[in-house]
Amino acid sequence: MGGITNPAEEYFKDGTWGWDGTQWRKLNLLWGFYDRICERIAVADATAGTNDLIHTIIPSGQVWILERWCGINSATASNCFIYHNDGSLSHVVKSYQPLPAGAYADFAFPAHVLKAGDVLIVSFTMCALHDTLYSDIFGYKMTVT
């Protein structure tokens, strides 16, 4: 087995290479914690009808693992849809029809992964004018190269 002795070699850097018995190869992506996700999107003065709460677009070089979502329309019973938008299509992840006024909805994601360019959108429908809406997401971020 060849040893890691030459710092100028690419495989020497960052522990991202492994010996497969015949040669050094770049290892698959290792999943790891980079930072937490704790984000709230709020609308304090909703319009009547449908209101979309758009969370942060996942930046290049990161993946986000969503573990939990909580949301509320504090004043009016409304339908609520959680969408994962992949840059071209919005896919329904969860829906509440209807969500009672003032009741928090709570959803545990089954290890939901968002990559660069993806975004979570929460749509409240049947809102009354001046409703207050909240959408909270929790999870963790990982950096990728």
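Do the conditions hold for Tyr140, that is, is it in contact with a Lys or Arg (Cβ under 6 Å, 6 or more places away or on another chain), part of a strand (DSSP E or B) and aromatic (Phe, Trp, Tyr)? Before the answer, list the steps.
On the way: in contact with a Lys or Arg (Cβ under 6 Å, 6 or more places away or on another chain): yes; part of a strand (DSSP E or B): yes; aromatic (Phe, Trp, Tyr): yes.
Yes.
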(message) Which numbered condition in (1) more than 30 Å from Asn28 (Cα to Cα); (2) under 15 Å from the mean Cα position of the chain (by Cα); (3) among the hydroxyl-bearing types (Ser, Thr, Tyr) is the only one that Ser123 fails?
(response) (2)
(request) Could you grab me the full set of residues in the stretch 70-106 that are part of a loop (DSSP other than H, G, I, E, B) and of a type in the set (Ser, Thr, Tyr)? (result) Ser74, Thr76, Ser88, Tyr104
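Residues that are assigned to a strand (DSSP E or B) and among the polar types (S, T, N, Q): does the stretch 35-48 have at least one?
The initial filter retains those residues of the stretch 35-48 that are assigned to a strand (DSSP E or B), namely 35-43.
Adding the requirement that they be among the polar types (S, T, N, Q) leaves none.
Within the stretch 35-48, none of the residues are assigned to a strand (DSSP E or B) and among the polar types (S, T, N, Q).
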(message) Looking at the stretch 51-63, I want the residues that are assigned by TED's automatic domain parsing to the domain that holds Ile137 and under 16 Å from Asp35 (Cβ atoms) and have a partner that is among the acidic types (Asp, Glu) and modelled with pLDDT of 95 or more with Cβ atoms under 7 Å, at least 6 apart or on another chain. Which pairs are those?
(response) His55/Glu39; Thr56/Glu39; Ile58/Asp118
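The values are calculated or read from the model by the stated rules, or taken from the named source; none is laboratory data. On a predicted model such as this, the values are computed, not experimentally measured, just so you know. Note: ideal-geometry Cβ built from the backbone for every residue, glycine included; neighbour counts use all protein chains shown.
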